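Have a look at the structure below, then the notes.
The values are calculated or read from the model by the stated rules, or taken from the named source; none is laboratory data. Keep in mind that what you see is a predicted model, and the values were worked out from it rather than measured. Quick reminder, even Gly has a Cβ in these numbers, built from the backbone with ideal geometry, and neighbours come from all protein chains shown. Remember, those area values only see protein heavy atoms, side chains included, never the ligands or the DNA or RNA. Shrake-Rupley method; radii C 1.70, N 1.55, O 1.52, S 1.80 Å.
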Amino acid sequence: TDKAVSDINKKLSRIGEGMKNIGKTLTLAVSLPVALLGKSILEAGMNAVESENLFTVSMGKMSDSARKWSEEYGKALGLNRYAIRQNLGTMNAMLLSMGLNTQEAYGMSQGMTTLSYDMASFYNLDPTEAFEKIRSGISGETEPLKALGILINETTVKQYALNAGWITQGQELTEQQKVMGRDAVL
């Protein structure tokens, strides 16, 4: 009977080890992904709060009308309103820092945000990638848009400004005129 008890103890020990291994596997297969999902949800929430703060600060007195526009635009096209406001706020902050006035920056921010979604659809790009290409183009970086076959270099912008009567032959563009010219030819 000592042998029977010893055999039972060995079997129980093997079962215990097997259960321990199952526990480790479940921890890695279930608990870890659940923890990572929780982390992802927390990060997404924090990003949404940060982008809303950027939007509110960037838009200033225009934030109510800009928020209304983002809600209507997002609803009409089935787009994420937080992402729209993040793009709108980012573009607006950039344009304000380039010397455009509040109305010009807001109008161009709406146009560039709309264009980024149109471009994403047309070129089958992620909307974030399309927005980054436009943001780069507005700031004078030509390569991201050139990769799509869109040329917005200094010559193109200057020719537009000449044709529009902003400058005369031989006159140089101001930084604000360059930004507005890039917007116009885009």
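Among the residues of segment 154-166, the one identified as surrounded by 15 or more Cβ atoms within 10 Å (Cβ to Cβ) and in a loop (DSSP other than H, G, I, E, B) is Trp166. Considering segment 101-127, the residues that are β-branched (Val, Ile, Thr) and at pLDDT 95 or above include one that is farthest from Leu88 (Cα to Cα), namely Thr114. Considering only residues that are open to solvent by 30 Å² or more (accessible area, probe 1.4 Å) and in contact (Cβ under 8 Å) with a residue 24 or more places away in the chain, look in segment 107-116 and name the one that is farthest from Gly181 (Cα to Cα). So, considering only residues that are open to solvent by 30 Å² or more (accessible area, probe 1.4 Å) and in contact (Cβ under 8 Å) with a residue 24 or more places away in the chain, the one farthest from Gly181 (Cα to Cα) is Thr114. No other residue among Glu104, Glu172, Glu71, Glu132 is exposed (fewer than 14 other Cβ atoms within 10 Å of the Cβ), out of contact with any His (no Cβ under 9 Å at 6 or more places or on another chain) and part of a helix (DSSP H, G or I) apart from Glu71.
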